[in-house]
Amino acid sequence: MDEHYLDHAATTPLHSEVLEAMLPYFELNFGNPSSLHAYGRRARQAITEARDQIAEHLNCSPKQLIFTSGGTESDNLAILGSMDALKSRGKTHIITTQIEHQAVLSVCRHLELVGFEVTYLPVDAYGRVSINDLKAAFRPTTALVSVMYGNNEVGTIQPIEEIGVICRENGILLHVDAVQALGIIPMNLSAMTVDLISFSAHKINGPKGCGLLYCYKEYLLDAQMYGGNQERKRRPGTENVANIVGFAKAVQLASSYQAEKRQHVASLRLLFEKLLSVEVGNESFCVNGHPDDHLPHILNVSFPGIDKATLLMKLDLMGIAASGGSACTSGALEDSHVLVAMGLPYEIMKSSVRFSFGYETTNEIVVDVTKKIGTIVKRLRKTN
Ligand SMILES: Cc1ncc(COP(=O)(O)O)c(C=O)c1O
């Protein structure tokens, strides 16, 4: 049986050139970058080169980049670190949105427990925040706004540039979780009015457990861990040299085929939608998220009347990997907080499945998968 992986928003396969770049740092060049001898110097040099390469691709200074263990840690460090740095100035209020990744929402909930105040902005039916709502939420105590670039469940893109300008005018920091946007949307960090940006390597065919936090100015952030001087004292601990080298290679590859990939995944998404209407009928499914402003590799579809867990299980039996959100402790799929915030009807929410595409997804895969979805949906509709 052929297996088809359509869950690239969850993670992507490691690119063979990334693996090749990483291998020497597990073997010959295994030194600790803090050691003064030749082994250590080689490892240190590798990190310096990786940081320089990434900074060049993202158009920022290498000093503005902090390597972390992934998108989750970058989000944590951005929010906890900046709130720590600003609280002595009486800045204790954060604005975020109801559709952020848990790496942001859980940090905000934690901060509420220890005395900070958080406003969770609503979104419209497409998953977009309103600029008026944002402005109305500003308080004299607002320190930080945290808004994601593109949503990981429905792909909706937020008006980051506009938000950035408004935040800067009001002396408020802006953190952007750009984990899903990297490798798809060109990132020219020096031209963006953003103070903190989170990235993750494994969404762009890089290694898992490696992330990056861009920090516009050093004084905006206090370290959240102690024990070493690494990453200019902002993120202590012996660096994961192989992962960092792999991340730099993944960024380099992603930059080289970014425009091509964007076009490729956008055409796969279109084809998927077109074939779905042939296989299941236009009236039998709907697409969730913004119709125009969306990340092109994410397609969130609902099949009203069909239970998503049943559909995903049947797809899995046919070798197709897609996503229905996260499982709760009982093993059942939780309702998506993103779709709830979008105010979608129960039937749409309970039947939503995310398909996400990568550079190795082909038209043939889309043809095969949509055919199989057609078969399953027709069968399930008959038995319902
Ligand atoms: C938008 C977003 N933010 C943060 C993360 C967390 O990144 P990581 O898996 O590298 O911790 C993810 C991962 O799915 C994501 O999609």
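Annotation note: chymotrypsin sites (Phe, Trp or Tyr not before Pro) in region 11-104 located in DSSP loop regions with a Cβ neighbour count of at most 14 within 10 Å are Phe26, Phe30. Look at where the Cα atoms of region 210-266 and of region 271-346 average out, and the two centres are 31 Å apart. Using the Cβ-Cβ distance between Ser106 and Arg139 with R0 = 22 Å, the FRET efficiency computed as 1/(1 + (r/R0)^6) comes to roughly 0.45. Remark: the chain carries a charge dipole of roughly 420 debye about the Cα centre, counting +1 on each Lys and Arg Cβ and -1 on each Asp and Glu Cβ. Identify all lysines with a Cα-Cα distance to Lys135 below 23 Å; exclude those on the same chain that are fewer than 8 residues away in sequence. Partners found: Lys87, Lys91.
Using R₀ = 22 Å, calculate the FRET efficiency as 1/(1 + (r/R₀)^6) where r is the Cβ-Cβ separation of Arg89 and Asn170; round to 0.05.
With R0 = 22 Å, the Cβ-Cβ based efficiency is 0.90.
Where is the GNM fluctuation largest for the chain (alpha-carbon springs, 10 angstrom cutoff): Ile95, Ile184, Ile131? Most flexible of the set in this elastic network: Ile131.
Using only the alpha-carbon atoms of region 41-131 as identical scatterers, what base-10 log of I(q)/I(0) does the Debye formula give at q = 0.12, 0.18, 0.25 Å⁻¹? Cα-only, vacuum Debye calculation for region 41-131: -0.54, -0.93, -1.18.
Region 20-88 and region 121-152 have their alpha-carbon centroids 30 Å apart. Under a cut-off of 19 Å between alpha-carbon atoms, report the aspartates and glutamates in cross-link reach of Lys249, not counting same-chain residues fewer than 8 places apart. The qualifying aspartates and glutamates are Glu17, Glu20, Glu27, Glu49, Asp52, Glu56, Glu239, Glu260, Glu360. The label point for Arg232 and the one for Lys63, both projected 7 Å from the Cα toward the Cβ, are 0.6 nm apart.
Between the residues Thr96, Leu275, Gly115, the greatest Cα displacement towards the positive end of the dipole of the chain, with unit charges on the Cβ of Lys, Arg, Asp and Glu, is found for Gly115. Does region 79-234 come out rounded, prolate or oblate, given a ≥ b ≥ c as the square roots of the eigenvalues of its C-alpha gyration tensor, rounded meaning a/c under 1.5 and, failing that, prolate meaning a/b above b/c? It comes out rounded by the Cα gyration axes. Put in order of Cβ neighbour count within 10 Å, fewest first, the listed residues Arg109, Arg354 become Arg109, Arg354. The antiparallel fraction among DSSP beta bridges confined to the chain stands at about 50%. What FRET efficiency would be calculated for the residue pair Asn132, Met318, taking the C-beta separation as r and a Förster radius of 41 Å, to the nearest 0.05? Approximately 0.35, to the nearest 0.05.
By counting other Cβ atoms within 10 Å of each Cβ, how are Tyr257, Tyr219, Tyr149 ranked from fewest to most?
Tyr219, Tyr257, Tyr149
Zone of Val340 (label point 7 Å along Cα→Cβ, backbone N under 14 Å): which residues in region 180-219? Within reach of a label on Val340, which here means backbone N under 14 Å from a point 7 Å along Cα→Cβ, region 180-219 contributes nothing.
Once you have the alpha carbon radius of gyration of the chain, what is it after dividing by 2.2 N^0.38 Å, with N set to its residue count?
Normalised by 2.2 N^0.38 Å, the Cα Rg of the chain equals 1.02.
Each value in this text was obtained by applying a stated rule to the coordinates, not by laboratory testing. Note that this is a predicted model, so its numbers are computed, not measured. Because the Cβ atoms are built from the backbone with ideal geometry, glycine has one as well, and the counts that use them run over all protein chains shown.
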